[in-house]
Every structure is written in structure tokens, then in C-alpha cells.
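Please read the structure below before turning to the comments.
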Amino acid sequence: MNNTLEPNWLSIPEVADLLELRQRDIRSMLNEKKLIAVRRGENNALSIHPDLFVSTEGSTHILKPLRGTLIALSDAGFSDDEAMEWLLRPEPELGDSPLECLRTGNIHAVRRAISTLIF
């Protein structure tokens, strides 16, 4: 995840503002695998990748297939750090990163790719 073209990762307060929710609601979403955060930066603060969100018709929400994907990765034995790294890394089988595939609606291919990771 040390990409020189990295986006600006979001803090929990920033995500709370973005989704118009309380910070404790964001933390609950993290616990319920509706959202994923990893520790980054000099303060080792929980950070959330901006591509986990989509904006439509003036509102922003979490990418719909994210929860099922996070649960599948957890079931495959991935930690949050490993899951986030996998979501961002280009996968030859998919022709893109799993996160980008989720964003473009290629959910089944991502879930199939996860099933090959389970051992």
C-alpha cells in the first residue's frame, strides 16, 4: 500500500461528516464489517480509503457490495490490513483491483477470486 499516487485517506471524523453520521456509528460499521479501516500515518490513526464510498444524486454512501466482500475476506482468514491490501492490489485474474471491480459492479468475479484464496 505504499503507492506514490495514493489518495487522501479519510479519518473517522471525516467519514462521519461525509456520511452525516456520528463517529460512534462509523466505529459500529467498522465492527460490523460494513466498512474497513487500517492504521496509517505518523499518528497510526485509523484511516478509511475514499474509494469505499460512492456519491449519487447528492448523497454519499458506502459501496454496497463491500460488507459481503469484507465478510468473505474475514472468513478466508484475512486481517483488516490484509483485506485492505488485497482490495487495492491489482489482481491478474480480475484485470484490475478488486475494489475497482466492486465499484464497476463486477461483484461475482471478486467473490470468485476470494473463494480461491480460502485454504
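The values are calculated or read from the model by the stated rules, or taken from the named source; none is laboratory data. Because the structure is a prediction, the values reported are computed rather than measured. Cβ placement follows ideal geometry from the backbone for every residue including glycine, while neighbour counts extend to all protein chains displayed.
Among the residues making up the stretch 10-24, a single one is closer than 18 Å to ASP80 by Cβ and either modelled with pLDDT under 95 or of a type in the set (Gly, Ala, Ser) (or both): SER11.
Note on the stretch 63-87: residues that are buried (at least 17 other Cβ atoms within 10 Å of the Cβ) and of a type outside the set (Phe, Trp, Tyr) amount to 10.
If a residue must be on the phi > 0 side of the Ramachandran plot and in contact (Cβ under 8 Å) with a residue 24 or more places away in the chain, how many such residues does the stretch 6-40 contain? Give the derivation first.
Of all residues in the stretch 6-40, those on the phi > 0 side of the Ramachandran plot come to 20, 33.
Cutting the leftovers down to in contact (Cβ under 8 Å) with a residue 24 or more places away in the chain gives us 33.
Number of matching residues: 1.
So, in the stretch 88-99, of the ones that are in contact (Cβ under 8 Å) with a residue 12 or more places away in the chain and not hydrophobic (A, V, I, L, M, F, W, C), which residue ends up surrounded by the fewest Cβ atoms within 10 Å (Cβ to Cβ)? Checking each candidate, the answer is GLU93.
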